[in-house]
Each structure stands twice: as structure tokens, then as C-alpha cells.
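Heads up, the thing below is written out as C-alpha cells.
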Amino acid sequence: MKLKSLLVGLGLLAGASIAQAEDPLKVGFVYVGPVGDLGWSYEHDLGRKGLEAHFGDKVETTFVENVEEGADSERVITQLAKAGNDLIFTTSFGFMNPTIKVAKRFPKVTFEHATGYKRSKNVGTYVLRTYEGRYVSGVTAGMMTKTNKIGYIASFPIPEVIRDINTIYMAAKTVNPDVEMKIVWVNTWYDPGKETDAANALMDQGVDILVQHTDSPAPLIAAEKRGMRAFGQASDMSQFAPEAHIFSVRDNWAPYYISIADAVMKGTWKPQDYWGGFKEEILTIESINPNLPADVKAKISETYAAVKSGEIKPFTGPITDNKGNLVVKAGYTLNDVELAQVNWYVEGIEGEIPR
Amino acid sequence: MILIQARTEPSNTMKFVSPLLAVTLTLIFGGILFTAIGKSPVQALQVLLIAPLSDAYNIGEMFVKMGPLLLCAVGLSLCYRANMWNIGAEGQLLAGALGGSAAALYFIESESIFALPLTLIAGMLSGMICAAIPTYLKLRFNSNLILTTIMFNYIALYLLIWSVHGPLRDPQGYGFPESALFADNTLLPTLFEDSRIHLGVLFALIASVIGWFILTKTHLGFQVRVFGADESAAKYAGFKGNKLGWLVMLFAGALAGLAGVSETTGPIGQLVPNVSPGYGYSAIIVAYLGRLHPIGAIIAAVFMAVLYMGGDLAQIEMGIPVAVVSMFQGVLLFFLLACDFFINNRLTFTNQATN
């Protein structure tokens, strides 16, 4: 039972060190990829740097990159908590259950988990309104396509991705009634090889505008090679495809990380299901290509402003799914809880969601 | 002129000196590496190699990490002793995780006390099946075992990924690729409160003792050793190579399968796409570091587990990038295996060039 008493002592120590930490707030980050992935983890790390730039000496940040989503993540999160971090951001869906487990053992530490759906007394979640960016992309794609075929490189059949596919299609339809969607599921968030293959397969089917729900610049590069067009995802990807790049929808985490750290410092933090988009500037549109036609550029800023102000809410009824059921009543707008459960394609998208 | 000569007898001095030489060379290299990136080499080495064993929680986590490595390495040691070049521990582990998880999900509402044993047996059987097919191909058609076992690593991986996206996916999980959390009666009990050390760790230690007993105390083990030392002599003595091949491969498959099911029913508690961060591949290194001896494998597995954990701690405590840590670990393993070369070989220095 020596081990047990040691463990108890350790717990006390960890508790004591948290209580002592008045000035700087220690903030830990767990990334699923390397900070150099130029996509998802890269943007979270820029968010971390933004947090440091804003608070200066008042925060001290630590990150662990390339953390496996298996048994290892629970240990890494625990070690961050043990190292005296007061606030820990876990930035991948696969960290959900480990975060909940660790949070139970460290009730004084605040946890924030990106993209998950489980919360507890000291675990909040945060997610992007990616569909707002998709709406602008969809309208642009609808105007730009000559073949009337938009290709979508889809990652996993989760509500976020299905929501975004629907948004692209509904938005494109508002400017181009003949538009069609082609979807390829790659079952990965990051695999440049597979993403390239998917991009080429779509272009072989006559697609001339690519939308991606994966994190590498590979589809843009593929589009550039064949003279097609594509959007950047998660970060500003304009440098990878000077001709093909239309604009990038960037995840801008810094404002959120700053507001959460501020709330924890002031003691006002509460677990919430946070959704951020254009209005909060958590999602931004970057590097609109100067080579776009003037009317498209004008439409982009017009649509962006309308989505940002809330004038356009993509999931406002009437919306019928592709099996003929009325899924959103006329005049009704889906709330966040309902948005998190979207599991249907809108009318006009062919095919079934993989199950 | 420097010549490499094979020693007639393995050098007993070098057996002792080799690891010390490797450690010394690594310390020198580490000193240069960490100084070059502006970190204190003493502190870095302390965090990398000693901190993982510094407190009860970390020691517990080290055992959790050691378990799957050791289970796979014990099986591999026996295979390699018998000249069966099984590179397939990773696939056998994943097959075990998959088969075991299918059983655990089948028992999700069962109260039976047999649920856990049956789940573990399902995992072991799945690992054995994954080992049996390449073994059959090798012993019946003389196919290359290295290639077929590598191929089965991919087959098992994609089977697992397909299952977790399809039939084994949590129906209440919003479409995210992971299974439901297993019920308590199919979870491996932990051995200490507040620690993740689970029954699987004990299985690993028992397996290495069994492996040692078979290898050194039984006629079967004697046959394996003779077979490895001189195949034609073994055949001349009337030992049945096929039977030995089957036995070691099935033994290795069962242990790797047990490692897989112990991960999902132990620290993870559900089936996820990332069950293993490459345990089956690392176990090859563990087997060789342990000099293909089941007890040596314990030391080697502890060592590897410490290295992995040190990598995470180095990021948390000192902000050393993961790439630098991986480079250090790679060099350390290289020195260890390279120095072993001098157990069976020596350098001689002559003045004349020879043909």
C-alpha cells in the first residue's frame, strides 16, 4: 500500500501547486498533429501564440504535439494537469473521453475540448460554425463553375461534414440552379496522398471546383496542376496554388483562447457548448485571389457580410432532405443542438451518407 | 586499414561493454544535440530518461506503456529464435483489439462473469488467426513470411478502421468513428487505485516468465534454440520444423492479440481507430534489445516505455520539439544495436592494404 499513499501524497502536491499559482495562468495545449501541419494543429498553435501575445507575462503556455488518440492521450493530459496547468485545451475529437476522465480527477483544472459533445463541471466544448464559411464558398463555387459540378473531399460522415456538404450545395443553388455535387469520402483528416487521389478522381468526373474537408494543401496543388479552382481549408493556403486558390476559410482560435483564459483568470468561467463563426471572427476569409472576376469578388464580400450579420442563416426552412422528408419547417432556423445532429443530405444531393 | 572480422566466439567482454558504450555515445550525442538547440543537456537527459520513473503516477504509466510492448516482444523473441521472421505483431495486436472489442460490445448489457474472460479469449483467437494465415502460407507454399506478415498488418488495420466506421460504431456517437464505451464487466480491473495499471500488465509479466520457462526449461524450447542456431542440424536430429513454426507463431499471435484486447478493455475502454501507436513494430526493437530473451525483453520494454514517456515530458517540461526527441530516441536505439555488432565481430587494424 506504499504506492497508494504515494499517490495520495502526489494528488495533494498537485492540488497545492494549483492553488499557489496566482500569477501567470498556466495554459496547456494538446495537438493531434505536428505544429508544422499547416492546417488544423498549426492554427491551434497560432491561437496559442496569440494568447501569449495578448497576455504577455500573465500566461505561461505549454503544448504537446503529435499526441496519439489512443491510450497515450490520457497520460499526456494528466501530465499537463499535474505540471500545474490551470487551463488545458484538447484540440481533437479523439481526446474527448480521455479529457472527461482526466477532468474528473483534477476538478480544479479547467478543460476545453474542441469539436466534442461531452461536457462536465470543468469541461467545456468549442466548435466552429464552419458552415458559415461554406456558405460563402458555395455561392462562389456556384458562380465560378463552368461544368456545373462541384467536388467535395469529405473526411468522416460526422454531422459537421454533412452540414457543410449541405451548405455548399444550398448556397451554390442560390446562384446556379443547375449545379451538381460530387462527393468522395477519404476517411482521414490529413493524408496528402489520399487527398490528391480524391481530387483527381473528382476532376476526372468533370468537377472544376474543389471543396475540401481535409487539412492538407494537396487538393489545391492538384487543382493548380490541372487548371481547376479550389478553396483553402483551416489556414491560409494561397501560397500553395497561386492560380487555383479562390480564398481560404481560416480557423482563427486566438480570440476564443483569449476570452476563455480571461474568464478563468476572473473566475467567471462556466462549461458551455460554444459555437463561433464570422461574427466572433473565429472563422475568417483570407487571401481572396485577385484573379477572380469583379462580380464574384463583389458577391463574396456581400455574402460574407450577410452571413456575418445573421441576415443569411443557411439552415432556415423549408428544407427537404433527399428522401423527400421535410426536415426544417418553413421559416424555422435550426438551433445549435439541432445543427449538431444533422444526418441527412438536402434534396438534390445524390447518394447516401455512409454508415 | 581497418578490417571487420567475425569472432569465433561471441565476446563476453563486449556483451558487458556494448550497452555501456552505447549509452556513453548517446550521452555525448545528446549533449551536443540539446546544447545546439539551446536547452540544458543535463536537464534534458534527466527529463527524458529519469523523470518517467520519478513518481508513482509516472511509474504506473510506464507499466501501462510497457504491457503491450512486452506481450508482443515475448512472442517475437520466440519466433526469431526459431527463424520465423514475424513482422506482424502490429497486425496481430490490431486483430486482437478488433475481435476483443466485438466481443466486449456483444457483452455490453451482459452481467455474466464470463464476459471479460470470453472477451480476452476472443482477442487472443483473433490475434492467432491473423498469425495463422501467413504461417500457413509460409509452411505450405514457402512464401516469404516477412512480406506476408507485413501485408497482414495492413489488412488488420483497415479491417479495424472499417469496423469502427461501420458495424462497431457507437449508434449514439453522432457518427464519429469510435465504438460505444464498454460496460464495466468487460473492462480489465486496475490493480491500484488512482493508477491505470491494469490486469494486462500482469499478463505481460506472466507471459515473459512463461516464455522464459518454455525456452530454457522445456524440450520444446531446446528444439527452438537448436533450430535457430542451425536449421539443418535440427532437422538431422529429427526436430519437426513445421510444428515448431506453428507453435511459435500461434503463441506470438495469441500474445499480440492479448496486447490489443488489453489496450481496448484497459486504458482506452472502447474501440477507437488509433489503438496502437505502432507497438507491434516497436516490439521488434524490444525483442532485439532484450537479446531475444523473454526476461531480457522485460528490461528492454521498460526502457522503451521510459523513452516514449520521456518524449512527452520533454515537451511539457522543457518545450523540446517532438522532432528533436524522436531524433534522440532514434540515435540511442541505433547506438544500442550497432554496439551489439561488436559482440560477434571485431575490428582489426593492419598496416597493409589487403585484397
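The values are calculated or read from the model by the stated rules, or taken from the named source; none is laboratory data. A quick note: this is a predicted structure, and the numbers were derived from the prediction, not measured. With ideal geometry, Cβ positions are generated from the backbone for all residues, glycine too; neighbour counts draw on all protein chains shown.
What the table below lists for this structure:
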item: Residues of the stretch B:181-223 that turn out to be among the hydroxyl-bearing types (Ser, Thr, Tyr) and in a loop (DSSP other than H, G, I, E, B), as a count; result: 2
item: Scope the stretch A:166-185; condition aromatic (Phe, Trp, Tyr) and at pLDDT 95 or above; matching residues; result: A:169
item: Residue list for the stretch B:229-254, restricted to those being outside any helix (DSSP H, G or I) and under 21 Å from residue B:136 (Cβ atoms); result: B:239, B:240
item: Residue B:226, sole failed condition from (1) assigned to a helix (DSSP H, G or I); (2) modelled with pLDDT of 90 or more; result: (2)
item: Residue check for residue A:238: surrounded by fewer than 21 Cβ atoms within 10 Å (Cβ to Cβ), touching a residue at least 40 places away in the same chain (Cβ under 8 Å) and not aromatic (Phe, Trp, Tyr); result: yes
item: In the stretch A:281-302, the residues that are in a loop (DSSP other than H, G, I, E, B) and over 23 Å from the mean Cα position of the chain (by Cα); result: A:290, A:291, A:292, A:293
item: Contacts under 6 angstrom Cβ, first residue in the stretch A:344-355 being on the phi < 0 side of the Ramachandran plot, partner at pLDDT below 90, 6 or more apart; result: A:353/A:157; A:354/A:157
item: Matching option when the condition is surrounded by fewer than 21 Cβ atoms within 10 Å (Cβ to Cβ) and either touching a Phe, Trp or Tyr at 6+ places or on another chain (Cβ under 7 Å) or outside the structural domain of residue A:68 (by TED's automatic domain parsing) (or both), among A:215, A:191, A:208; result: A:191
item: Some residue of the stretch A:317-340 being over 19 Å from the mean Cα position of the chain (by Cα), basic (Lys, Arg) and over 30 Å from residue A:243 (Cα atoms); result: yes
item: Scan of the stretch A:19-72 for residues that are among the charged types (D, E, K, R), more than 9 Å from chain B (Cβ to nearest Cβ) and surrounded by fewer than 21 Cβ atoms within 10 Å (Cβ to Cβ), ordered by number; result: A:22, A:23, A:26, A:49, A:52, A:57, A:58, A:60
item: Options B:211, B:241: the member that is more than 30 Å from residue B:116 (Cα to Cα) and either surrounded by 15 or more Cβ atoms within 10 Å (Cβ to Cβ) or touching a residue at least 40 places away in the same chain (Cβ under 8 Å) (or both); result: B:241
item: Residue satisfying all of: in the stretch B:72-95; within 14 Å of another protein chain (Cβ to nearest Cβ) and hydrophobic (A, V, I, L, M, F, W, C); surrounded by the most Cβ atoms within 10 Å (Cβ to Cβ) among these; result: B:93
item: Residue check, residue B:99 under 28 Å from the mean Cα position of the chain (by Cα), away from every other protein chain (no Cβ under 14 Å) and buried (at least 19 other Cβ atoms within 10 Å of the Cβ); result: yes
item: Test: residue in the stretch B:305-322 that is farther than 28 Å from residue B:182 by Cβ, at pLDDT 90 or above and within 20 Å of the chain's Cα centre (by Cα); result: yes
item: Failed item, numbered, when residue A:101 is tested on (1) assigned to a helix (DSSP H, G or I); (2) assigned by TED's automatic domain parsing to the domain that holds residue A:189; result: (2)
item: The stretch A:228-254, residues that are under 30 Å from residue A:144 (Cβ atoms) and assigned to a helix (DSSP H, G or I); result: A:238, A:239, A:240
item: Hits in the stretch B:261-300 (condition: more than 12 Å from chain A (Cβ to nearest Cβ), under 10 Å from the mean Cα position of the chain (by Cα) and not in a helix (DSSP H, G or I)); result: none
item: The lone exception for residue A:115 - which of (1) out of contact with any helix residue (DSSP H, G or I) (no Cβ under 8 Å at 6 or more places or on another chain); (2) at positive phi; (3) among the hydroxyl-bearing types (Ser, Thr, Tyr) it fails; result: (1)
item: So residue A:154, is it surrounded by 20 or more Cβ atoms within 10 Å (Cβ to Cβ), more than 14 Å from residue A:339 (Cα to Cα) and outside the structural domain of residue A:306 (by TED's automatic domain parsing); result: no
item: Residue match in the stretch B:338-345 (condition: outside any helix (DSSP H, G or I) and either farther than 25 Å from residue A:84 by Cα or within 14 Å of another protein chain (Cβ to nearest Cβ) (or both)); result: yes
item: Qualifying residue in the stretch B:108-116 (condition: within 14 Å of chain A (Cβ to nearest Cβ), more than 20 Å from the chain's Cα centre (by Cα) and under 23 Å from residue B:65 (Cα atoms)); result: no
item: Options A:182, A:118: the member that is basic (Lys, Arg), assigned by TED's automatic domain parsing to the domain that holds residue A:94 and not in a helix (DSSP H, G or I); result: A:118
item: Single unsatisfied condition, residue A:278 versus (1) more than 25 Å from residue A:112 (Cα to Cα); (2) aromatic (Phe, Trp, Tyr); (3) part of a loop (DSSP other than H, G, I, E, B); result: (1)
item: In the stretch A:78-99, residue nearest to the other protein chains (Cβ to nearest Cβ) [restricted to those that are touching a strand residue (DSSP E or B) at 6+ places or on another chain (Cβ under 6 Å) and β-branched (Val, Ile, Thr)]; result: A:88
item: Residue check for residue A:132: buried (at least 22 other Cβ atoms within 10 Å of the Cβ) and either within 14 Å of chain B (Cβ to nearest Cβ) or over 25 Å from residue B:323 (Cβ atoms) (or both); result: yes
